[in-house]
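The block underneath contains the structure these notes are about, expressed in structure tokens.
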Amino acid sequence: MRDRMMKLGIIGGTGVYDMPVVDTVEEQSVDTAYGAVRLRKGIFRNPSGEQLCVVFVPRHGAAHSVPPHRINYRANIKALCTLGVTDVVGTTAVGSLREDIAPGQLVLLDQFIDFTRTRNYTFFDGGPEGVRHTDMTYPYDESLRQLLQSAASEQNIDLRPRGIYVCTEGPRFETAAEIRMFAQLGADVVGMTNVPEVILANEARLNYAAVSLVTNYGAGISDSPLTHDEVTAAMDANMRKLTALLTGFFDKKIVSDDGGGTGE
Ligand code: HPA
């Protein structure tokens, strides 16, 4: 694999445990100051034979064994930095806070609201990396967002161009009152993992975007109780759409960076 090839990171959420369009080159364990991360390096080839190196991290571990509040977000981001990744797209399963955002809808996040409580939110906690206050006005990278949007429109994939994500601590789902409150705050979707991932990516100066797949209406919007099985079934049912979006995006990324190559 050539070093000059641009490296893209994908952090896969619930239901996204590999990248079917990427040929795996090697599985690797990367040591960081925060712990080791198992990840997969692979090559995406477009129809012209140009290549993109894709580093894939399954956020919940290979078999969804790590709950949202126990994910080692700092190690995941540092491992991507160690491998020279500059741009990252995270996928997340979310509940909808609004009747007009139905299950099956893809949403390109543009803002978040943080309701988590117990996580490691920063690299700058007075240790070796010092103290720094990172701007978070627009936490999702605009050029990645535009590439994802144009990939979606070329493939006729309905991608909602904006969405405000509320992150809860989990692993429980929300009460109906919490869902009503989040909706009143102006949020669109709710999930358990995008904070602190997006914060740490910004602290590490990675370009970061996130695509959410709506798997259910938030608690109390639909009558039935929520289950994790419902979330994973909806992810499975919509994987083709998400894969098509990412494939189109990989292709655009090669062209936009002129980082593709035909040799290894
Ligand atoms: N709430 C929180 N996280 C989620 C949901 C939800 O309704 N659906 C998928 N992830």
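The values are calculated or read from the model by the stated rules, or taken from the named source; none is laboratory data. Just so it is clear, the structure is predicted and the values come from calculations on it, not from any experiment. Methodologically, a virtual Cβ is constructed for each residue, glycine included, from the backbone with ideal geometry; neighbour enumeration extends over all protein chains shown. When the accessible area is computed, the model is the full protein with side chains, heavy atoms only, and any ligands, DNA or RNA have been set aside. Shrake-Rupley method; radii C 1.70, N 1.55, O 1.52, S 1.80 Å.
Before moving on, here are some points about what is shown:
- Scoring residue 73 on the criteria (1) touching a Ser or Thr at 6+ places or on another chain (Cβ under 9 Å); (2) open to solvent by 60 Å² or more (accessible area, probe 1.4 Å) leaves a single failure, condition (2).
- Out of 107, 85, sole residue that is within 22 Å of residue 13 (Cβ to Cβ), touching a residue at least 12 places away in the same chain (Cβ under 8 Å), in a loop (DSSP other than H, G, I, E, B) and open to solvent by less than 30 Å² (accessible area, probe 1.4 Å): 85
- Reported count of residues in the stretch 51-82, each being hydroxyl-bearing (Ser, Thr, Tyr), within 29 Å of residue 183 (Cα to Cα) and without any contact (Cβ under 8 Å) to a residue 12 or more places away in the chain, is 0.
- Count - residues of the stretch 225-264 that are farther than 16 Å from residue 152 by Cβ, at pLDDT 85 or above and open to solvent by less than 70 Å² (accessible area, probe 1.4 Å): 9
- Selection of the stretch 7-29 for residues being under 30 Å from residue 129 (Cα atoms), more than 13 Å from the chain's Cα centre (by Cα) and crowded, with 20+ Cβ neighbours inside 10 Å yields an empty set.
- For first residues located in the stretch 215-230 and more than 15 Å from residue 187 (Cα to Cα), partners that are within 6 Å of the ligand (Cβ to nearest atom) and of a type in the set (Phe, Trp, Tyr) and lie 6+ apart or on another chain with Cβ distances below 8 Å form the pairs 226/173.
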